[in-house]
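One structure below.
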Amino acid sequence: MIICGIDEAGRGPLAGPVVVAAVIMNKHCIIPGIKDSKKLTQAKRSKLFDDIINQSDFHRIEIIDSNIIDEINILKSVMLGIEKCIVDLDKEGTELLIDGNYFKLPNNAQSNFNFQTIVKGDSKIYEISCASILAKVARDRIMAEYDNIYPVYNFKSNKGYGTQMHIKSLLKYGPCEIHRKTFIKKILGQGRLFK
């Protein structure tokens, strides 16, 4: 059985996309230093990102932007990202190991896959750790690019999360195009959203 690890980054931020990654690692090559992306420095994650890309048998990274998150909600957005990642995989020959405790697709399509959900899988399962690194690094790079477009929010540093400085900027300047409207309602109040 081939193992495909799946994880996401960016479920909780006030701005930016959620990013889902799936990866099948070459079973003859174990990369030293792989662990949950949250336990690694940015420099270490970036190096491991390249190692994983170069040494994986399969990898896919899907970006679900803030407009879709607002339209269908964050949980469905994560499921959409997973679905896009696995659409081309061999359903019978691959086991999906998914970080978390939930996996459900429209029309019960998840029943076509052999899968397990694993709570804190990113710290327990090598393939999920690899996927967590791909998702985290890809999302951090996206947010760094957005920082160049919207510098007042300091996205390069806060990655869109609701830090005190980010919220102060949000209140001062209002939201930008990548803010999640459904996530910032309580902060701004209904009347100030995207005039």
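Each value in this text was obtained by applying a stated rule to the coordinates, not by laboratory testing. Since the structure is predicted, the reported quantities are computational estimates derived from the model, not experimental observations. Using ideal geometry, Cβ is built from the backbone for each residue, glycine included, and neighbour counts are taken over all protein chains shown.
Simple rule: put +1 on each Lys or Arg Cβ and -1 on each Asp or Glu Cβ in the chain, find the dipole, and look at V152, L97, Q110; the Cα lying farthest toward the positive end is V152. Distance between the 7 Å Cα→Cβ label points at H28 and K181: 5.3 nm. Kindly express, to the nearest 10 degrees and within the range 0 to 90, the angle between helix 126-149's C-alpha long axis and the longest C-alpha principal axis of the chain. Rounded to the nearest ten degrees, it is 30. For the stretch 109-123, putting each phi into the Karplus relation 6.51 cos²θ - 1.76 cosθ + 1.60 with θ = phi - 60° gives couplings of 5, 4, 5, 7, 10, 8, 9, 9, 9, 10, 5, 6, x, 5, 9 Hz, in residue order, rounded to whole numbers and with x for Gly and Pro.
Here the residues R139, R45, ranked from fewest to most Cβ neighbours within 10 Å of their Cβ, fall in the order R45, R139. Remark: spin-label model distance N114-A144 equals 3.9 nm, labels positioned 7 Å along the Cα→Cβ axis. The base-10 log of I(q)/I(0) for the stretch 2-188, evaluated at q = 0.14 Å⁻¹, reads -0.76 [Debye formula, identical scatterers on Cα atoms, solvent excluded].
List S56, S123, S77 from most exposed to least, where exposure is judged by having the fewest other Cβ atoms within 10 Å.
Numbers: S56 21, S123 16, S77 24.
The fewest-first ordering by Cβ neighbours comes to S123, S56, S77.
Helix 42-55 axis versus longest C-alpha principal axis of the chain: approximately 40°, rounded to the nearest ten.
Straight-line reach from K84: taking Cα to Cα under 18 Å and skipping same-chain neighbours fewer than 8 places apart, the lysines in range are K76, K104, K136. Here's the picture: a label point sits 7 Å out from the Cα of I72 along the beta-carbon direction, and within the stretch 80-122 the residues with their amide nitrogen under 12 Å of it are 80-85, 104-107.
Taking a ≥ b ≥ c as the square roots of the eigenvalues of the Cα gyration tensor, the stretch 94-140 is classed as prolate, since a/c reaches at least 1.5 and a/b is larger than b/c.
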